[in-house]
Each structure stands twice: as structure tokens, then as C-alpha cells.
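The values are calculated or read from the model by the stated rules, or taken from the named source; none is laboratory data. None of the values given here were measured: they were computed from a predicted structure. Neighbour counts are summed over all protein chains in view; Cβ atoms, including those assigned to glycine, are modelled from backbone coordinates with ideal geometry.
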Amino acid sequence: MVVSPATLMLHVIGADTTATRAVERALTGGLRGRVIVATDLALAAEARATHPRAWIVVAGIRRCEVGPALDAGADIALAGPVHAAELRARIGVLSRAGSRPRPAPTLEFDPRDGTAWLDGSVLTLTPGEYALLRRLAERPGRVVTKTELAETARAATGGRALERRVARLRRRLGRHGGGLVTIRGVGYRLDITV
């Protein structure tokens, strides 16, 4: 559900509709980015693992679950019935404290099915792009020569076939495309955490 299309995405996981309505009323401004509302600890831990940059709100839990919810990665944990005024005040504290520090993007591979994930999102790659990214990820932060990459990606060393493939891969990395750095005349370097 989109609360404010330009600034705030609200995703609710769980079934506590009273908590959800209170959160919707509280989130009328002041917090930018993605907000995920969870109504139990397991959902909060899963949300933090899959969305490390989002603001996680755990609402409608028991008092004894507040500490474990914060330990699981929640930014806000509210016990009992959720009151919009309290949640609004807590969000204000987070907003004044500054935005959540953004960890470096992480890249993961599953060689069994040739799948790659960037920050928890599946990348849609051709087999050649997957092989190219995998080769670059073997030595993150270090230069891989064009010759090595051409052999890996089965691209021709002459012409611009490799450059075109790297350009397509960079586009598929989206906002993290700048992490695939061209070292002019030598090769490429991947500056993304693997």
C-alpha cells in the first residue's frame, strides 16, 4: 500500500489491522523511505534480513517482546494497542537522529540455479551476464582484465562485444551499476560486497 507516492512506501506483514490503521494514521510525513510494519517477531527478523535499508516497525506485540523485537532489528517496537500519537513521536525521534546508515550493497549467488541477488532482490541476468558478474565477484575490489572476462563470458576479445555486455550488466545492477567500474585499457573492477 502506498501512503505517500513520492516519499514513503508502507508494507504491512501480519494480520493486526488495528495496529496497521494506527500506523497509517501516524505516517503522514517526516519519514522518508520504505517502512515495513510487522506484527510479530519472526516477521520482523525476516523483514530486516530481506530489507536492510527499510525502517522496521513492530506493533501490537506483548511487553516482554519489545526487547527481542529491537534485537531482531526493529527500529520501533510498540507493545499493546498502538496509538498514532506515540508512533508519530517515535518516528520523529528517528527522523531527527538522521537516516539509517546504509550498508554497502551485498551480492549473493546460487550456482545451483544460476541466480544472483543484489541487496536481497533477484537479478534477472542472461547466462553470459551471470558468468561475467560471477567472475568479477571472485575478486571484489580488484581489477579483472578484459581477456579474462572475455574468456569467462565467451565474448569476442575484438570489437566491442565485451563492452556491450558489461554495459548491459551495469544497467541490470540498477542504482548499484556504478559499483562496476571500468579501468580504461585494462579491465573492470566490482566494488560491491560479496
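What the table shows:
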read-out: Filter result for ARG171 (within 23 Å of ALA49 (Cα to Cα), within 24 Å of the chain's Cα centre (by Cα) and of a type outside the set (Gly, Ala, Ser)); value: no
read-out: Helices (runs of 4 or more DSSP H) fully within region 1-83 counting 3 or more residues that are within 21 Å of VAL93 (Cα to Cα) and modelled with pLDDT of 75 or more; value: 66-71
read-out: Odd one out for GLU151 among (1) out of contact with any Pro (no Cβ under 8 Å at 6 or more places or on another chain); (2) at pLDDT 90 or above; value: (2)
read-out: Only one of ARG135, ARG164, ARG142 that is under 19 Å from ILE192 (Cα atoms), at pLDDT 85 or above and surrounded by fewer than 13 Cβ atoms within 10 Å (Cβ to Cβ); value: ARG142
